[in-house]
Each structure stands twice: as C-alpha cells, then as structure tokens.
Amino acid sequence: MLDFADGGYDKIASTVPDDEDNRQQKIDSLVKVLHLVMGNIYADVVRKAPPGTIAENDYRWFFEESINTMAGLPFYGSPVFFQLDDFKHVQSSGLQITRSPGKNTVYLGCVMLIIGVFFMFYIHHNRIWVWLETKDGQTRILFAGAGDRDQRGFDQHFNELSGKLERHILS
C-alpha cells in the first residue's frame, strides 16, 4: 500500500524483479491486494455512514476515485509524514499509593452499612399505634400494631401491652 502511495502502479511493478518467470502474476496479485484493501475501506465507510446516504452504484465511483487519488499522490507529495522511528516499552503496574484525606469517613460509612445490614436481618421491626377519639363526651381508644416477623411472639407482646393499657385505664 505504501509502494502504491509512493509511486502508483509503476512503483508496484518495480518492486517485482524483471528476471522472474511469473512477474505478471505477482504484479496482478499485488494489485488484487490493493483492491481488497480499498474494498475494506469502502465497507468501513458504508458501515459508519447513516442509512440511505450511500447508494450501491457509489462503490465504483469511490473505488475509481480513491485509486486515481492514490496514484496521483507521488506527484504532489505529502506536507507531513509521521513515521515511528523508535519505541521503548515501559512496564508499569496499576498500583498507586496516594493520600486520601476522606478515607476515615469512607471507613465509618462502611462500618455503618455493615451494622445496618445486621440490624436489618436480626432485629424485628414492630409498630404500635394508639388512637384517641373523643365523641359526645366519651373517649374511645383504638390500640393497633403490626410486626414484620415472628408473628407469634408479636401477638404475645401485643396482648401483654393491651392488657397493661386496659388495666391502667380501668384503675
């Protein structure tokens, strides 16, 4: 591909020595590789383009124009050409030692989260409501409750509390 960009079809032909028996076959295979590369570039352009913007007959136009453009490059030259001359691979790890002034707050939050999870699993949540309603000089008391787990234990506890409330009111 770089040979083609440097000198077009003539440069590709010059890379194959003249004394070889199957010179034309090698030149044809190099040109086929060039065409395959251009076809892959066109497929990439079609894949990235919005639907409906590229027609099927645009392939011939793209192919001819790109080949003609690349064949004419040696006559104009390139204002800038980047090439990697040297490369030094540096090994590194992802471990970093840093100073974190808020780490104690994070640790405190983590401990509180763990304690909260234990509370959620091992402490039973019970709700008890007392409603007082006065009507015609009489006060009516409604005592209610709900428990999320251990219904048998909650019923016993609720009955004890309602009995104490009733004894306290009647005395």
Practice item. Could you pull out the longest piece of the chain with no exposed loop trypsin sites (Lys or Arg not before Pro) in it, calling a site exposed if DSSP puts it outside H, G, I, E, B and it has at most 12 other Cβ atoms within 10 Å? Key: 1-87
Check your understanding: Looking only at GluC sites (Glu not before Pro) in DSSP loops with at most 12 other Cβ atoms within 10 Å, what is the longest site-free stretch of the chain?
Key -> 57-171
**Study point:** Value of relative contact order over the chain, rounded to a whole percent, pairs C-alpha under 8 Å and six or more apart
**Key:** 15
Check your understanding: Once every DSSP H run of n ≥ 4 in the chain is given -39500 (n - 2.57) and the sum is divided by its residues, what mean residue ellipticity at 222 nm do you get, rounded to the nearest 500 deg cm²/dmol?
Key -> -20000 deg cm²/dmol
Review point. Which longest run of the chain has no exposed loop site in it, a site being chymotrypsin sites (Phe, Trp or Tyr not before Pro) in a DSSP loop with at most 13 other beta carbons within 10 Å, and the site itself not part of the run?
Key: 88-171
Revision key, fill the gap. HN-Hα couplings for segment 155-164 via Karplus (6.51, -1.76, 1.60; θ = phi - 60°), in whole Hz with x for Gly/Pro, come out as 4, 5, 5, 5, 5, 4, 5, 5, x, 4
**Study point:** Stokes-Einstein D (µm²/s) once Rh is taken as the Kirkwood radius of segment 36-167 over alpha-carbon pairs, at 4 °C in 1.567 mPa s
**Key:** 51
Practice item. Return the long-range amide H neighbours of Gly145 (sequence gap of 5 or more, or a different chain), with a cut-off of under 5 Å between placed amide H atoms. Key: Trp129
Exercise for review: Multiply the residue gap between Tyr76 and Thr105 by 0.36 nm, knock off their C-alpha separation, and tell me the result in nm, one decimal place.
Suggested key: 4.0 nm
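Read-outs throughout are calculated quantities, based only on the coordinates presented, and are distinct from any laboratory measurement. Predicted model, so just to flag it, every value in this text is computed and none were measured. Glycine also receives a Cβ, built like all others from the backbone with ideal geometry; neighbour counts cover every protein chain displayed.
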